[in-house]
Each structure stands twice: as C-alpha cells, then as structure tokens.
1. When you check Asn92 against the structure, is it within 26 Å of the chain's Cα centre (by Cα), surrounded by fewer than 24 Cβ atoms within 10 Å (Cβ to Cβ) and outside any loop (DSSP other than H, G, I, E, B), yes or no?
2. What about Gly163, is it out of contact with any helix residue (DSSP H, G or I) (no Cβ under 6 Å at 6 or more places or on another chain), modelled with pLDDT under 85 and surrounded by fewer than 20 Cβ atoms within 10 Å (Cβ to Cβ)?
3. Kindly indicate the residue of region 561-578 that is in contact with an Asp or Glu (Cβ under 9 Å, 6 or more places away or on another chain) and assigned to a loop (DSSP other than H, G, I, E, B) and also nearest to Leu405 (Cα to Cα) among those meeting that condition.
4. Within region 347-362, can one find any residue that is modelled with pLDDT of 80 or more and hydroxyl-bearing (Ser, Thr, Tyr)?
5. Given the structure, is Val556 touching a helix residue (DSSP H, G or I) at 6+ places or on another chain (Cβ under 6 Å), among the hydrophobic types (A, V, I, L, M, F, W, C) and modelled with pLDDT of 90 or more?
6. Given the condition more than 23 Å from Val460 (Cβ to Cβ) and in a helix (DSSP H, G or I), answer yes or no: does some residue in region 533-545 qualify?
7. Need the failing condition index for Thr552 against (1) assigned to a helix (DSSP H, G or I); (2) surrounded by fewer than 17 Cβ atoms within 10 Å (Cβ to Cβ); (3) among the hydroxyl-bearing types (Ser, Thr, Tyr), just the number.
8. Suppose the filter is of a type in the set (Val, Ile, Thr) and surrounded by fewer than 24 Cβ atoms within 10 Å (Cβ to Cβ); does Val427 pass it?
Amino acid sequence: MKHLICIGIDNAIGLIPLGACITGAKQFEEWGKSQGYTTHLFTDEANNVSQTDIFNQINTIVDARNCEQLIIFFSGHGMLKSPSQEIWLLSNASINPNESVNLTASIDYARTSSIPYIVFISDACRVLPSEIQLTGNGSVIFPIKEDNNGDCAIDVLYATRPGSPAFEQSSKINSKRFGLFTQSLIEILNGNYPELIRSNTVNDYLTSYYDNHTLSIDRSYKSLPSGNWHIDTINSETLIKNLVSKKAREIKISLKQSPDLIIQYQNPKPSLAVFDDESAKNLLLATSTSIRQVKSTDRTLLDGVNNKLNAGLSIEETSNRSFKSILNNFVEVPFNTYNLKSSLLNKSELIFDSKFDIPQDFSTGLVISGANVEDILMNGTREVSRNGNVTNVNIQSTSNSQTALIKLVRGYSIPVAIIENFIGELVFDNDRLLTINYSPSKNSHRYEYFRSNESRINFVRAFIASAANYGFNYSRTFANTFDNNGQMNYTSAGNYLRQEKSIDPSLGLYATYAYKQEGRDKDIKSVYRYMQHDGDFDLFDVAMLADELAVTNRLVTPFCPMIAMGWAYRNKFEDYLNPIVKEASLHLVPSLWTTFNKRGTAIIEQHFNQ
C-alpha cells in the first residue's frame, strides 16, 4: 500500500491569503492517483483544516500496518521557531497554537511508525516569526509508538532554505497561480524529464537505454526485459534545485528560491514514481528536454571539508590562521562561488577569531563576548567583572541547580549550563547568541590535551556552530556520499562531533541533535553514557534526547533545553519541568539557543528567587 496525504491551505485565519496552495494539493492528489497511491486530500476550500483530522488519518494508516510508502505534502504558511524547528500553520494556527504542525517532532515520531519509506514535502516559507506571533510549539501528526528498531527512511523536501520565503506565480485567477516548488515537482514526477528515469534491472537511464531516433521508427526494436522505470529523490535532486531557480528567474531576474532537500541515501533508493516500459517509451518520444547537470558547489565544498576534518588537522595547519584561509585550503573551489548564505563565513570567522583572555585563577566560570549583559542570575557565589565588551564570571561555588541565567540589557535572557572545571565561552553578535563552547580550565586533567589541539577544536566549533545557526541539517554538513561502486561511504555528523565531547561537552550536545535528525537513538544513548563517564553531570538536552531524564540520579544542567530545537520534543520532558519554567517557555524568542523574551525573563527570575 502507498498513501499520499495532500494538505493545501490558502486562507489561514489572520494570515496573508495565498492563492496556489489548494490548487497545488489537488495537483499532487491527481498525480498520486495516477501512480496508484491511496490519496487523502485536506484543503480549506470549504472548511478549515484541523490537526485532529490529519492526525486521525495518519494514525489509521499507521495502525493498519500495511503501508510501505507514505508521502505527506503541505502547501501553505510555514515558519521556523528556531533554526531547526519547523512549523506548518493550519487554518486556526494564529488563534490556537495546537492547530499548527510541529514538523520536527512529527518527523521524529514518524521513525517509529513501521512505515519503511516516508517523504515530507513542504512548499512553505521558512522565516522566523516576530516574538509575539504564534508562540506555541505546535502538535504532531504521527502517533506515539514504541520504537521497534525497524528501518524507516525519511526524506524531507523543503521548498526553500531556512530563513527564506517560498514563492507563488501570481495571477488574478487563483486557478492559474502555482507554487514554484510544487509545479517543479509535479513536472518532474509526471516524467517530463526522462533523463531522470532509470531502471534497476538494467542499471541504466531511459535516455541511455533507448536510442530516441530508432525508437521513433520502431517502437518494438528493444524492450525492458523485466521490472519498471523509476524516479527517485536522489537522481532528481539537482534538477529540482535548478528548475525552481529557473522558474523564479522567469518571474523576475532578481528573484531567488533555492530548495533545501534532505535526502537519506540508500542503494537502491525507493521510487516516488513508477512507469511501465510502454509509458516510459511514450515519455521519451514526447519529450526532448535536456537537463543541465550542474555540480552543487555547496555540496562539493562541504564534502571536501568533511574529508579534511576527518583526516585530522595539525596545530601547524591551523595556528595563527583565519577561518577563511583554512577553509579555502580544504577544497579547490573559489570561496566566492560558495552559494550558501554569505554570512555563514562571517559568523564562522567571528566565532573562530574570538579570543578569550580567561583569568588564570578561574576554575569554573563563564566568559561572554559581544553582548550587553545586565546581570548573571544563579544560586551560587560568583564574581562578575567587565573588560570592554567581554564579561567574565568567576564561579566560586555552585548550588544544586548549576544553571546561570544570562540577562541582557534588552530584557532577554538565556539559560546556560555551569560545568565544574570548565569555562563556558559565549559568543554573541548584536546580542544574539551564536554559540556556547566549554573549554577545560587550567586545573582540569583535560587542559593539556585541549591546549595541544585548541586550533583544530576551535575550527570545528566555528564550522558547526555557523551551520547550525542557519538551520543546516547536520548530516548534510558532513555529507552522505556513495563510492564508485554504489556502496555507502558515510561518515555520520554525530560520529565526528562526538570525538571531542570530553574536551568540549557542547560538541556532545551538537552530536546528539545530529543523531536525532538521523533517527539514530542508540547512538544518542551511547553519547549519553560516555558523557556520564566523563563527568558528574547530565546536560539536559543529552539526557532528554536519550530518554534518561526520568531515571537519572545525577545533576541535570541547565533546567531546560539549551538548544531551542529541544522544545520540539517537549513531550519527553514537560512532566519534569518546574511550573515556573513551563510558564516562561510560552515566551521564547526564535533563536538557535533557548532565549526568553522580556515577559519570559520576568517569569523565570522567580525560579532563582525561590
């Protein structure tokens, strides 16, 4: 059984009306029926679309336990609660936070559905909301099931990159409007580009297997001996990006839209569309499109970085060099062709070049640069000093909470873990927290190793933190690849990040989120166990993602997720939150790191006053 859920919402209450979402959902339903999918259409053409209706339908599919493939298509308003926390807005989302879809958590729940292959298609904007809008975390659309360790491959196709809008082709007549991403996918999946169509039985592409001229004279000169022709996400990736960009330029030369495709590499890859031999011949004869296969510069660059990083860097290679010069040395690609967000480099250099003059007598503490700090709240003894835009916090004794609340002049606040014998280094840019690193202090047995490898560790910190700030998928940052024989040649992002987690616990923090995005819960538990061995504390995020909050008898720090994406998994920890923290969590600012707005800060201060 193959199922297709199509959701199209043009007129969400209180939001700008759209014109192509219902049309796009209907087009996808029509395509699905032609491909043998059992389709389920949800649009606001006649009635509002509710989370309950979508959930019930997916729950029915999961409970039937006969679904081999599920595609969930959404066209409508979307937003980011944090760089990696995606939200779909349903009809009543602006007045009922439960009527939005927490896509991040839904993808996580989908992994336990026992459905072998799931594709999420999101033709929606991915912009950050203002702090006063839509503060809820949204609801999931998959049921909670026990993890049976079954394999579940998940692809996520976003219409645009994080922080960017998704465009529609305008028209006075709604029936003629279309979403650029939706239209591109429909064209590809209908077989309009036969260069993408291939067969596993002959291990060849349609355009190579048949000679178009000979086939036009004699349709029977050759046939596929067995099986069918297929279209999958891997072989379509480059064309999807190029086609959407082309359609955007055709509307306006300066208009840009670049899809963000998170594809799980498999061999063979499950197909989205299937054509018998006769249908494939018809497509080939009817189409003379030539695909311009353009190598993806950002993928090439990140692959090169991945290979170099895993080969290791010596101090000599990194000492006294800028982030840009090291990165340019990794790959033979001019950096000005790097088509990811241009400010990624700027943030990386800012983080990499941040020099902290940590007082020698600090055993445990914090060093904060680039922020206007009003106060540091904590339940222990500390001394605060300032030197220019750097705030030093010498923590002389700690309470059982071991959490510091960094309160900024503008009224926002950020909870930070205090880790004994570590110095937490916080890098801000215009009062926005970019990263938190933890370095061993001088009296730590880890200090000499850290000093010997400091430049290499700092490069990794800068690269990962910059990517995370723009919502990069960790797996893509350390890209999956196939070798020449079609076998998996994959270095997990989590595997790399965890290598230095005993030297910088924040890398273990990043690693667990990398594994969560990959659905590798066993590896999360492994990181948790090793971090337990390395110290006498549990980072909240790591313990939460490892499902250990209920059983740990150790100090948990801080009192809530440090990385904002953690709130997408609220069901894992809500029962253990202090009621004050629960109330304050309704007032979060969109950010990579958990950040309370003025109202949330006023509430959370009570937590320290008790």
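The values are calculated or read from the model by the stated rules, or taken from the named source; none is laboratory data. Model, not experiment: these values are computed from the prediction. Every residue, glycine among them, receives a Cβ derived from its backbone with ideal geometry; neighbour counts consider all protein chains shown.
1. Numbers: within 26 Å of the chain's Cα centre (by Cα): yes; surrounded by fewer than 24 Cβ atoms within 10 Å (Cβ to Cβ): yes; outside any loop (DSSP other than H, G, I, E, B): no.
Criteria not met by Asn92.
2. On the way: out of contact with any helix residue (DSSP H, G or I) (no Cβ under 6 Å at 6 or more places or on another chain): yes; modelled with pLDDT under 85: yes; surrounded by fewer than 20 Cβ atoms within 10 Å (Cβ to Cβ): yes.
When the stated conditions are applied, Gly163 passes them.
3. Here the answer is Met562.
4. No - not one qualifying residue is present in region 347-362.
5. Numbers: touching a helix residue (DSSP H, G or I) at 6+ places or on another chain (Cβ under 6 Å): yes; among the hydrophobic types (A, V, I, L, M, F, W, C): yes; modelled with pLDDT of 90 or more: no.
No.
6. Yes.
7. (1)
8. On the way: of a type in the set (Val, Ile, Thr): yes; surrounded by fewer than 24 Cβ atoms within 10 Å (Cβ to Cβ): no.
The answer is no for Val427.
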